[in-house]
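The values are calculated or read from the model by the stated rules, or taken from the named source; none is laboratory data. This one's a predicted model, so the numbers in the text were calculated from it and none came from an experiment. So basically every Cβ, Gly included, is an ideal-geometry build from the backbone, and we count neighbours across all protein chains shown.
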């Protein structure tokens, strides 16, 4: 499988010294092709390839080459069709690396690329974000940074999207069937999938799930290793087993004040205990996001940050269906919505079914 390194560097060569040095060392045992300009990316040449996007941000998080890349990705929805991508971001301050990473992951995915679980390695200016890993590995922060880049490349090269005869879909929501545009869209998608997928839908409304209370790390590890959570309840008894059984997680997300709803956020936070004992690299995450006015991309990036970059679910190409609707029932009357639902359901089938 071809590996491409896409260097999205700033015009200031000093900004690029560290990222180039780390990349050169991390790639020592890999065969790869380097692309130094957005204009050199040929969709016909790279289809099906593994792509590592290496972005340097300098001190202020501004990179004109990166802006040109975003334009290309946002304007061509199949530009990276069949590709699987990961991201390396290096900056000269403590800011901008994570926000740039989630922005880029969303753009890559919208351009047709799958994204591996935990796809982002970020080097902040001080590399203080590697202090824990450095202690574990017995190296300095830069050594831990290099180890993380090597691991990222290794996982990118080895990643294969799992296929199943009849995939299990875990659908989570915290909405009312009577009034929710998001749920009404999902019901139509569900009808298109019911013959080919096993569907398990769980509602998280009316206090059925408590948020994480921030137990000490050692306590979370202790209970997680036993398949339990200190606070128990629905999360431990029903949702954790459903996550373990699922081949894909489908998040139904109405836009509440440009943020995920409280119960969906609680689910993600409480998933940490299970994550302590198992990674989810082989599980996909899809989403339907409906905004009353605007901002669906903000929620998509929240899901990417929390479930893909943090909890290790992989992103299939075009993982999210984003629509704008306000009044109950309005989403089903949107122009062209039936075609969009057909495409979204077909994408789930193509991603998961052998």
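Provide a single number: the residues in segment 96-106 that are part of a loop (DSSP other than H, G, I, E, B) and either in contact with a helix residue (DSSP H, G or I) (Cβ under 8 Å, 6 or more places away or on another chain) or under 25 Å from residue 77 (Cα atoms) (or both). Break it down into steps so the answer makes sense when it comes.
Filtering segment 96-106 down to residues part of a loop (DSSP other than H, G, I, E, B) leaves 96.
Still in the running and either in contact with a helix residue (DSSP H, G or I) (Cβ under 8 Å, 6 or more places away or on another chain) or under 25 Å from residue 77 (Cα atoms) (or both): none.
Matching residues across segment 96-106 total 0.
Every condition in (1) under 26 Å from residue 351 (Cβ atoms); (2) without any contact (Cβ under 8 Å) to a residue 60 or more places away in the chain; (3) assigned to a helix (DSSP H, G or I) is met by residue 53 except one, and the failing one is (3).
Looking only at residues in segment 107-135 that are assigned to a strand (DSSP E or B) and within 12 Å of the chain's Cα centre (by Cα), which one is surrounded by the most Cβ atoms within 10 Å (Cβ to Cβ)?
Looking only at segment 107-135, we keep the residues that are assigned to a strand (DSSP E or B), and these are 114-123.
So of that shortlist, the ones also within 12 Å of the chain's Cα centre (by Cα) come out as 114-120.
Working: 114: 22, 115: 30, 116: 23, 117: 23, 118: 21, 119: 28, 120: 24.
Looking at the filtered set, the residue picked out is 115.
Mind checking whether some residue in segment 32-42 is farther than 24 Å from residue 95 by Cα, surrounded by 13 or more Cβ atoms within 10 Å (Cβ to Cβ) and touching a residue at least 60 places away in the same chain (Cβ under 8 Å)? No, that holds for no residue.
Scanning segment 137-177 for residues that are more than 30 Å from residue 246 (Cβ to Cβ), free of Cβ contacts under 8 Å to residues at least 12 places away in the same chain and either assigned to a helix (DSSP H, G or I) or touching a strand residue (DSSP E or B) at 6+ places or on another chain (Cβ under 8 Å) (or both) returns 137, 143.
Going by the structure shown, is residue 93 under 18 Å from residue 17 (Cα atoms), out of contact with any helix residue (DSSP H, G or I) (no Cβ under 9 Å at 6 or more places or on another chain) and modelled with pLDDT of 95 or more?
Values: under 18 Å from residue 17 (Cα atoms): yes; out of contact with any helix residue (DSSP H, G or I) (no Cβ under 9 Å at 6 or more places or on another chain): yes; modelled with pLDDT of 95 or more: yes.
So residue 93 passes the test.
The set of residues from segment 243-264 being part of a loop (DSSP other than H, G, I, E, B) and either at pLDDT 95 or above or on the phi > 0 side of the Ramachandran plot (or both) comprises 246, 247, 255, 257, 258, 260. From the list 48, 82, the one residue that fits, being part of a loop (DSSP other than H, G, I, E, B) and exposed (fewer than 13 other Cβ atoms within 10 Å of the Cβ), is 48. Give the residue that is surrounded by the fewest Cβ atoms within 10 Å (Cβ to Cβ), with candidates limited to residues of segment 51-79 that are closer than 22 Å to residue 318 by Cα and out of contact with any helix residue (DSSP H, G or I) (no Cβ under 7 Å at 6 or more places or on another chain). Ranking the qualifying residues of segment 51-79, first place goes to 75.
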